[in-house]
1. Is there any pair with a first residue in segment 109-128 that is at negative phi and in contact (Cβ under 8 Å) with a residue 24 or more places away in the chain and a second that is surrounded by 10 or more Cβ atoms within 10 Å (Cβ to Cβ) and not in a loop (DSSP other than H, G, I, E, B) whose Cβ atoms are under 6 Å apart and which are 6 or more apart or on different chains, and what are they?
2. Condition first: at pLDDT below 90 and surrounded by fewer than 15 Cβ atoms within 10 Å (Cβ to Cβ). Can you find one or more residues in segment 33-49 that meet it?
3. If a residue counts only when it is within 28 Å of residue 116 (Cα to Cα) and under 9 Å from the mean Cα position of the chain (by Cα), which helices (runs of 4 or more DSSP H) contained entirely in segment 24-100 have at least 1 such residues?
4. Find the residue count for segment 20-44, including only residues that are without any contact (Cβ under 8 Å) to a residue 60 or more places away in the chain and farther than 15 Å from residue 6 by Cβ.
């Protein structure tokens, strides 16, 4: 499988600047481009181990683990014990929720971000 690339699709912001998915997820979740690459790879392919992600994305084990930990913390991916692996240390697979659940979570979190920004604007402008 080839390296997951992030689409160049951008949206125009009121400032005239443009933003892509990495910019938006970075703002709301603090995700890096690598984190978003891992998220997209898992969303497109289903459950994968760290070795598979390393090979697919051509990234180091440390980068993959950092991204997975951040994505787990944000509730964007889940870790499941690999079925059938009985001997030695348990091996884990990582996957996203199904696409519609993932999309809904991201959109709800963005709405929550917007609501908090609205409250901040009201506070700073002393409008109740």
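1. From segment 109-128, the pairs are 109/28; 110/28; 113/28.
2. Yes: one or more hits.
3. Numbers: elements: 33-45, 50-57, 61-73.
Counting at least 1 such residues, we get 33-45, 61-73.
4. Of segment 20-44, the ones without any contact (Cβ under 8 Å) to a residue 60 or more places away in the chain are 20-23, 26, 30-44.
Narrowing the set further to residues that are farther than 15 Å from residue 6 by Cβ leaves 30.
Of the residues in that region, 1 qualify.
The values are calculated or read from the model by the stated rules, or taken from the named source; none is laboratory data. Because the structure is predicted, anything quoted here is derived from the model rather than measured. Neighbour counts run over all protein chains shown; Cβ positions are idealised from the backbone, glycine included.
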